[in-house]
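Chemist: Below you'll find the structure I mean.
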Amino acid sequence: MFDNLSASISNAFRNITGRGRLTADNIKDILQKIRISLLEADVSLIVVDELLERIKSNALDHAVNNNLTPEQEFLKIVKHELVSIMGEKNSTLNLQVVPPIVILIVGQQGAGKTTSVGKLGKFLREKYNKKILVTSVDIYRPAAIKQLKILAEQVGIDFYSSESNKKVSNIAKDALQQAKIKFYDVLLVDTAGRLHTDDLMMQEIKHIHLAIQPTETLLVSDAMTGQDAANIAKAFNIALPLTGIVLTKVDSDTRGGAALSMSYITGQPIKFIGTGEKNEALEPFYPDRIASRILGMGDILSLIEAIENKVDRKKAKKIASSLKKGNNFNLNDFLDHLQQLRNIGGVNGLIEKLPGIGGLPENVRSQMNDISLKRMEVIIESMTNLERIHPEIIKGSRKRRIALGSGTLVQDVNQFLKQFNEMQTMMKKIQKGGMKNMMRNMKDLISPGVFTK
């Protein structure tokens with residue numbers, strides 16, 4: 001989401017490289033370029049002006065650290081102000097109240113409220129071991145109620161269904177009563193999508209809020225909304241006592257300005273970001289980490305957390321054990337690795353968290369994508385189990401069948417098998433020579449990727 005903004009700001013910083021100190025003259029041009037970058041990223045004008053004024057003031061009044069170059073000093077200042085604009089620190093849900101904790105989910109239609117309810121329920125169940133009940137008061141769209149019920153079953157939480165001919169505030173109260181009787185820790189209430197300009201629907205959400213007195217009222221907002229996201233957030237914040245924001249579709253090719261605008265405009269923190277369609281694709285929002293990504297400094301902490309939370313340790317341990325005993329690393333093992341890489345966000349999710357990626361040439365970055373990995377998966381899945389364990393038996397007719405089944409060319413299958421054979425060779429060298437050999441032979445693994453043409 002922040003790639004374009006990151007690239008623009010990184011280019012702007014090159015103007016200050018080699019300067020002896022920070023002055024009003026040598027930061028003027030870079031501030032103007034940052035301004036253009038932010039406006040192109042759909043950051044609200046009022047936020048842009050405030051941010052640049054803060055950066056300028058701090059840069060000129062700042063005592064220069066002798067250990068830093070002017071470029072590094074300015075980068076530090078910009079990061080500090082970006083973090084400040086986005087809300088200083090990660091803001092967690094208030095779970096320190098007498099249960100059931102009621103969380104009301106509001107927002108416009110199509111913003112991703114219902115899927116966010118399912119993701120949030122899964123997050124609270126797995127991270128905090130909470131007993132979760134969800135309900136929908138969207139009586140205008142029966143499909144939304146059915147969707148939430150399906151999501152609840154998928155993530156292992158309970159769903160409360162009510163009669164659609166009841167008033168929405170009464171449905172919410174009935175669900176709350178059920179949560180109390182059955183000793184649920186958390187009640188998540190999904191609401192109908194509504195335009196912030198629709199007075200009748202905004203009155204309805206006020207009645208729901210009054211009826212259940214939620215601990216948390218979260219606005220779900222689509223990161224692709226652009227400049228209008230700030231106006232939507234402001235209107236909802238006037239109508240309701242919001243306690244936080246969930247920003248969805250952060251994985252999309254959007255400009256990223258909403259993240260920089262919404263917290264400042266509403267005074268409420270962004271608490272979560274939706275990073276994909278899967279039920280586990282919900283992450284706590286850390287302003288300092290997002291600022292680092294925008295400035296091309298990566299986000300190693302989030303990458304570590306993703307690996308810790310989403311990698312199947314049993315599978316990883318099993319493969320490691322097999323290798324230690326001298327067993328072959330086969331295509332079933334490789335398929336497990338590919339799927340685990342996808343679980344932590346794929347290649348795209350990986351590289352955007354690594355520092356310095358923004359500085360790579362575009363032709364290099366364009367080759368680092370998830371398409372080739374997906375094709376590898378499809379090729380492996382088109383093989384029989386015997387072929388996966390013994391890929392050396394894959395000859396002419398088998399290659400043609402695999403290519404046909406995977407929708408690829410025989411040349412693609414040949415290239416994949418060649419690269420996998422090189423990988424197997426490297427694994428055997430690791431077994432014999434340990435870490436030194438692994439480092440010496442790593443270049444074999446990082447050869448030009450498959451399907452890059």
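Please treat every number below as a calculation from the coordinates, not as lab data. Computed from a prediction, not measured in an experiment: that's the story for all the values here. All Cβ positions, glycine included, derive from the backbone under ideal geometry; neighbour counts span all protein chains shown.
Chemist: Work out how much length LYS180 to GLN154 would gain on full extension: take 0.36 nm times their residue separation and subtract the Cα-Cα distance, in nm to one decimal. Show your work: numbers first, answer last.
Modeler: Details: separation 26, 0.36 × 26 = 9.36 nm, distance 2.35 nm.
That works out to 7.0 nm of additional length.
Chemist: With +1 on each Lys and Arg Cβ and -1 on each Asp and Glu Cβ, and nothing else charged, work out how big the dipole of the range 101-286 is about its Cα centre, in Debye to the nearest 20. Please list the in-between numbers first.
Modeler: Values: 22 positive and 19 negative charges, 84 e Å.
So the dipole magnitude of the range 101-286 works out to roughly 400 debye.
Chemist: A further question follows. Among MET201, MET86, MET383, which comes first, second and so on when ranked by fewest other beta-carbon atoms within 10 Å?
Modeler: Ranking MET201, MET86, MET383 by Cβ neighbours within 10 Å, fewest first, gives MET201, MET383, MET86.
Chemist: Most exposed first by the Cβ proxy, i.e. fewest other Cβ within 10 Å, how do PHE183, PHE123 rank?
Modeler: Values: PHE183 9, PHE123 20.
Result, fewest neighbours first: PHE183, PHE123.
Chemist: Something else now. Let's test the formula: R0 of 30 Å, r as the Cβ-Cβ distance of TYR128 and LYS167. What FRET efficiency results, to the nearest 0.05?
Modeler: On the way: r = 32 Å, r/R0 = 1.06.
My answer for the efficiency is 0.40.
Chemist: Separate question: With respect to the cross-link table entries LYS113/LYS271; LYS130/LYS271; LYS173/LYS278; LYS206/LYS278; LYS119/LYS173, which display a Cα-Cα separation exceeding 20 Å?
Modeler: Working: LYS113/LYS271 14 Å; LYS130/LYS271 18 Å; LYS173/LYS278 30 Å; LYS206/LYS278 31 Å; LYS119/LYS173 23 Å.
Pairs exceeding 20 Å: LYS173/LYS278; LYS206/LYS278; LYS119/LYS173.
Chemist: Right, something else. Return the loop-located GluC sites (Glu not before Pro) in the range 157-247 (DSSP other than H, G, I, E, B) with at most 12 other Cβ atoms within 10 Å of their own Cβ; answer none if there are none. The partial results should precede the final answer.
Modeler: Details: sites: GLU163, GLU204, GLU216; in loops: GLU163.
Qualifying residues, ordered by number: GLU163.
Chemist: Work out from phi, with θ = phi - 60° and the Karplus expression 6.51 cos²θ - 1.76 cosθ + 1.60, the ³J(HN,Hα) of each residue of the range 211-221, listed in order in whole Hz, and give x for Gly and Pro.
Modeler: 5, 10, 6, x, 6, 10, 10, 9, 8, 8, 10
Chemist: Testing the spin-label approximation: label points 7 Å from Cα along Cα→Cβ at ASP228 and GLU381. State their distance in nm.
Modeler: Each label point is offset 7 Å from its Cα along the Cβ direction, giving 3.6 nm.
Chemist: Rounded to the nearest 0.05, what FRET efficiency do GLN411 and GLU280 give with R0 = 35 Å and r taken as the Cβ-Cβ distance? Could you check?
Modeler: Details: r = 36 Å, r/R0 = 1.03.
E between GLN411 and GLU280, to the nearest 0.05, is 0.45.
Chemist: Ranking request for peptides 73-84, 128-139, 410-421: highest mean number of other beta-carbon atoms within 10 Å first, then the rest in descending order. Write out the running numbers ahead of the final one.
Modeler: Details: 73-84: 19.4, 128-139: 21.4, 410-421: 16.1.
Descending packing order for the listed peptides: 128-139, 73-84, 410-421.
Chemist: Based on the Cβ-Cβ distance of GLN32 and GLN203, what FRET efficiency does E = 1/(1 + (r/R0)^6) give at R0 = 60 Å, to the nearest 0.05?
Modeler: The calculated FRET efficiency here is 0.85.
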